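Undergrad: First the structure, then my questions, so here it is.
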């Protein structure tokens, strides 16, 4: 089992709405039963400064997203009161306000294709349009439209890393390497051992 692919890691954060709705166990169960293993967990209230680093958006991203908002406002004859970049930054401001509103459960999961598997389980970022059977589709009904009307972030239960390099960058923000436990699960033999040696006596 020396293949490095089985060591791929993803950061998963159960957001304040998942905690407040007592969905931690259900979400953990869905991840765990795939065969991925948890190597670190931390129940914390997140820090605003680190969240800006975590989301890692630049001015070009803010300008693009803000430009979309401004165009939509103009189409609806809603007065535009500030530069596009500020509307773009509001997206993160709302999200950070939400993410710091209460405790979250931050976790590191490990296994072959970890980021892709978790992303597939969690579903699209908008619960209303997420695929049936995903965590977001099954446990919440929020939408971009409703969140926009309320001037808040979409409550979609889970953050997960989009790809392995993003996962490693995010994990380094929230966990020291010594907090991540390197261990073997017995089930890894059935998942990864080429010949299933030693099963028959």
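The values are calculated or read from the model by the stated rules, or taken from the named source; none is laboratory data. All figures in this text were calculated on a predicted structure; none of them were measured in a lab. Don't worry about glycine lacking a Cβ; one is built from the backbone with ideal geometry, like all the others, and counts go over all protein chains shown.
Undergrad: Any idea which residue in region 108-138 is modelled with the lowest pLDDT, counting only those that are buried (at least 20 other Cβ atoms within 10 Å of the Cβ) and in a helix (DSSP H, G or I)?
TA: Among those residues, the one meeting the criterion is 127.
Undergrad: Could you please give the count of residues in region 150-168 that are touching a residue at least 12 places away in the same chain (Cβ under 8 Å) and not in a loop (DSSP other than H, G, I, E, B)? Lay out the reasoning, then the answer.
TA: Within region 150-168, the subset touching a residue at least 12 places away in the same chain (Cβ under 8 Å) is 151-164, 166-168.
Checking which are not in a loop (DSSP other than H, G, I, E, B) leaves us with 158-160, 164, 166-168.
Residues meeting the conditions: 7.
Undergrad: Can you tell me which residues in region 9-33 are surrounded by 17 or more Cβ atoms within 10 Å (Cβ to Cβ), outside any helix (DSSP H, G or I) and out of contact with any strand residue (DSSP E or B) (no Cβ under 7 Å at 6 or more places or on another chain)?
TA: 23
Undergrad: So, one more: So for region 44-66 (the condition being more than 24 Å from residue 155 (Cβ to Cβ) and surrounded by 14 or more Cβ atoms within 10 Å (Cβ to Cβ)), does at least one residue qualify? Explain how you work it out, then say what you get.
TA: Quick first cut of region 44-66, residues more than 24 Å from residue 155 (Cβ to Cβ) only: 58-60, 63.
Next cut, surrounded by 14 or more Cβ atoms within 10 Å (Cβ to Cβ) only: 63.
Yes, because at least one residue in region 44-66 is more than 24 Å from residue 155 (Cβ to Cβ) and surrounded by 14 or more Cβ atoms within 10 Å (Cβ to Cβ).
Undergrad: In this structure, is residue 171 surrounded by 18 or more Cβ atoms within 10 Å (Cβ to Cβ), out of contact with any strand residue (DSSP E or B) (no Cβ under 6 Å at 6 or more places or on another chain) and in contact (Cβ under 8 Å) with a residue 40 or more places away in the chain?
TA: no
Undergrad: Still on this structure: Can you pull out every residue in region 81-102 that is loosely packed, with under 15 Cβ neighbours inside 10 Å and in contact (Cβ under 8 Å) with a residue 60 or more places away in the chain?
TA: 102
Undergrad: Look at residue 69 and say whether it is under 16 Å from the mean Cα position of the chain (by Cα) and in a helix (DSSP H, G or I).
TA: The answer is no for residue 69.
Undergrad: Does residue 42 satisfy being over 30 Å from residue 173 (Cα atoms) and modelled with pLDDT of 90 or more?
TA: Criteria not met by residue 42.
Undergrad: Output the residues belonging to region 67-80 that are over 19 Å from residue 97 (Cβ atoms) and either surrounded by 12 or more Cβ atoms within 10 Å (Cβ to Cβ) or touching a strand residue (DSSP E or B) at 6+ places or on another chain (Cβ under 6 Å) (or both).
TA: Residues satisfying the conditions are 67, 68, 70, 71, 72, 73, 80.
Undergrad: OK, next. Within region 83-102, how many residues are in a loop (DSSP other than H, G, I, E, B) and farther than 17 Å from residue 156 by Cβ? Show your work before the answer.
TA: Within region 83-102, the first condition is being in a loop (DSSP other than H, G, I, E, B), and the residues that meet it are 83, 100-102.
Imposing the further condition that a residue be farther than 17 Å from residue 156 by Cβ reduces the set to 83.
Selection size over region 83-102: 1.
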